[in-house]
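Scroll down for the structure; my scribbles are underneath it.
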Amino acid sequence: MFNLKSEKDSPEELEKAFILFSKNRPESVITFEDLKAIANELGETMSDDELKEMIFEANHKKRDGEVTK
């Protein structure tokens, strides 16, 4: 499994990653489908449950399948 954030990530690096993952959409969200596509592109073999857990960890307030800024 890959880690989306490390303790060394600067706000600028996180912003760049967010733009990449969200495909620079105006609504500024990362969807489950975005995360799954990127995991596949990177050759990561992760279950849907693992990906959903990553989204939940990034956005504790809602389990709507999206990460917002």
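Nothing in this text is a laboratory measurement; each read-out follows from the coordinates by a stated rule. These numbers were taken from a predicted model, which means no experiment stands behind them.
Computed values, structure above
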item	result
Under 20 Å from K16, Cα to Cα: aspartates and glutamates that are on another chain or at least 8 residues apart	E7, E27, E33, D34, E41, E57, E66
Per-residue ³J(HN,Hα) for the stretch 17-34, Karplus 6.51 cos²θ - 1.76 cosθ + 1.60, θ = phi - 60°, Hz, x for Gly and Pro	5, 4, 4, 4, 5, 8, 6, 6, 6, x, 7, 6, 10, 10, 8, 4, 4, 4
